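One structure is given here, and the rest of the page talks about it.
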Amino acid sequence: MKIIPVQVVCFFSGFHLIVRTARLANSFSAKAGTWYKQRTIEKESTVSDSKRKRVIIVGGGFGGLQAAKVLRHIDVDVLLIDRRNFHLFQPLLYQVATGGLSPANIAAPIRGILRRQRNASVVLGEVVGVDPTAKTVEVHSAEPGEVKPHIERLHFDWLIVAAGATHSYFGHNEWAAIAPGLKTIEDATEIRGRVFSAFEAAEYETDTQRRSDLLTFVIIGGGPTGVELAGAIAELARKTLRNDFRNINPRDARIVIVDGQSRVLSNFDEVLSKKAEVSLHKLGVELQPNTVVSAIHPDSVELKSGDLATRIRTRTVLWAAGVGAVPLGRKLAEATGVEVDRGGRVLVQPNLSISGYPEIFVIGDLANCSHQTGKPLPGVAQVAMQQGKFVGRLISNQIRGKSSESSFRYHDKGSLATIGRSAAVADVGKMKFSGFLAWMLWLLVHIMSIAQFQNRVLVLLQWAWNYVTFNRSARLITESPHLKKSVAIQAEANKAN
């Protein structure tokens, strides 16, 4: 009789528990939404819209949505503006980039998320400027078929800027075309295309050196994103694709993590970092610590470690090394006269407002909030969510005439990172552990953090299938302008060689 592995039993037991919990939560949410809808309709019948004040929220990410939800029972109009019509669960982008999930699994329409919140409206557009004196934001939006954007100025009584972050190439923006980062769905699908195209091209490459170049993947950055990407590509090569090709052995793929720190996951406890390195080595991932990038070319990457300069021949370089604030941060700083740090983040007051403008708040990746420890808070989802809740409560108390907390305090709930199948590290308060238990915790936290119930179920089912079969069903190569440009650059490099 075949014995079922304990990991499989634990996985599906956890799966059953999560589904039941999610179903109960969804049922409660639906009932609460019906009650609130009736309550709000009654309330709106006695309150004139002309008397209501307005809160404008820029950005539908973790922080922006949390702020909007806190204001759901308050007598105020909430206007959320985003250049995308969906909320993206960024922590799972790497799974889209490696074919484990489809983009729709980790994205949810903002209007759908806020559909039961009667005082909330959504505008599809991009905020390109702020007039703090007139209390207006300038919004650019384009209707279908239009080339020139439609410009509109919207008034606010309170403004919450949660526009997020983008890639930072440390002054080398020319590297962006060769080494894509991972911040958007387009980034993820482009990386997915590059990774799978590399295997496809290697299948019919007769030159041994070029085939080796195609099967070499260099990831710049040893933080959670870099580690998760490297682990997923390694599993892809050694498990998922092992029987799919005839002329190459995908297991010959070389995956390299390059990081300027002395160890990967440098923000974690050193013991956990070492365990992560052991897991990566088991997957065949090479680590090059204390190493920085000096140049990136279409067919190679130049590295420097102390006085030693090296070069790795590769056609796929992925960027996971740094992030910077979106341009709106500097525009807001210029308009208000406040300072920004080197990364373009706006320096905020302890209550997350801007100096001299108590009605304007900046939260999430765009804010430099350093009053608590003397250092800026990390750009992670839990920081943005806690800041969104804090600002939402602060505005609520101002409207109600209640006193508010004068200073935001971040409560670190811990950090998680996964390396691969049944391998993860968890740093939760005084508890530091790794392996299968940490991986199960990582699964639970990420599943319950996804915005919509249906997406939770879809992701969980997909993970269960992947766990049993090692299959990744979303292994699609889709064209993108950046991918076409990259192919053209590499073609020129081939001619040069």
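Once the chain from Thr478 to Thr133 is taken as fully extended at 0.36 nm per residue, the excess over their C-alpha distance is 119.6 nm. Once the chain from Lys274 to Glu152 is taken as fully extended at 0.36 nm per residue, the excess over their C-alpha distance is 38.6 nm.
Rounded to the nearest 10 degrees, the inclination of helix 381-400 to the longest alpha-carbon principal axis of the chain is 0 degrees.
Annotation: amide H of Arg472 has no partner in the under-5 Å range at sequence separation 5 or more or interchain, hydrogens built in the peptide plane. For the chain, the longest principal axis of the C-alpha atoms and the axis of helix 224-235 are separated by about 40°. Under a model in which nothing but the beta-carbon of Lys, Arg (+1) and Asp, Glu (-1) is charged, the chain shows a dipole of about 1740 debye around its Cα centre. In degrees from 0 to 90, rounded to the nearest 10, what is the angle of the helix 453-469 Cα long axis to the longest principal axis of the chain? It works out to around 10 degrees. Restricting to the chain, what percent of DSSP beta bridges are antiparallel, rounded to 5? Beta bridges within the chain, antiparallel portion: roughly 55 percent.
Label-to-label distance for Ser407 and His281 is 4.4 nm, based on points extended 7 Å past Cα in the beta-carbon direction.
A helix-only calculation puts the chain at -12000 deg cm²/dmol for mean residue ellipticity at 222 nm, using -39500 (n - 2.57) for each DSSP H run of at least four residues, averaged over all residues. Protection proxy ranking, highest mean first, for peptides 180-187, 472-479, 339-346: 180-187, 339-346, 472-479, where packing is the per-residue count of other beta-carbon atoms within 10 Å, averaged. The overall shape of segment 74-139, judged from the alpha-carbon gyration tensor, is oblate: a/c is not under 1.5, and a/b is no greater than b/c. The string of couplings for segment 157-164 from the Karplus curve (6.51, -1.76, 1.60, θ = phi - 60°) is 9, 9, 10, 10, 9, 9, 7, x Hz, one whole number per residue in order, with x for Gly and Pro. By other beta-carbon atoms within 10 Å, ranking Thr418, Thr240 with the fewest at the front produces Thr240, Thr418. Taking 0.36 nm per residue of separation and subtracting the Cα-Cα distance, full extension of the segment from Arg54 to Thr208 would add 49.1 nm. For the cross-link pairs Lys51/Lys389; Lys135/Lys331; Lys51/Lys135, the ones whose C-alpha atoms lie over 23 Å apart are Lys51/Lys389.
Values in this text are rule-based calculations from the coordinates and carry no lab data. These figures come from a predicted structure and were not determined experimentally. Positions of Cβ are generated from backbone atoms using ideal geometry, with glycine treated the same way; all protein chains shown enter the neighbour counts.
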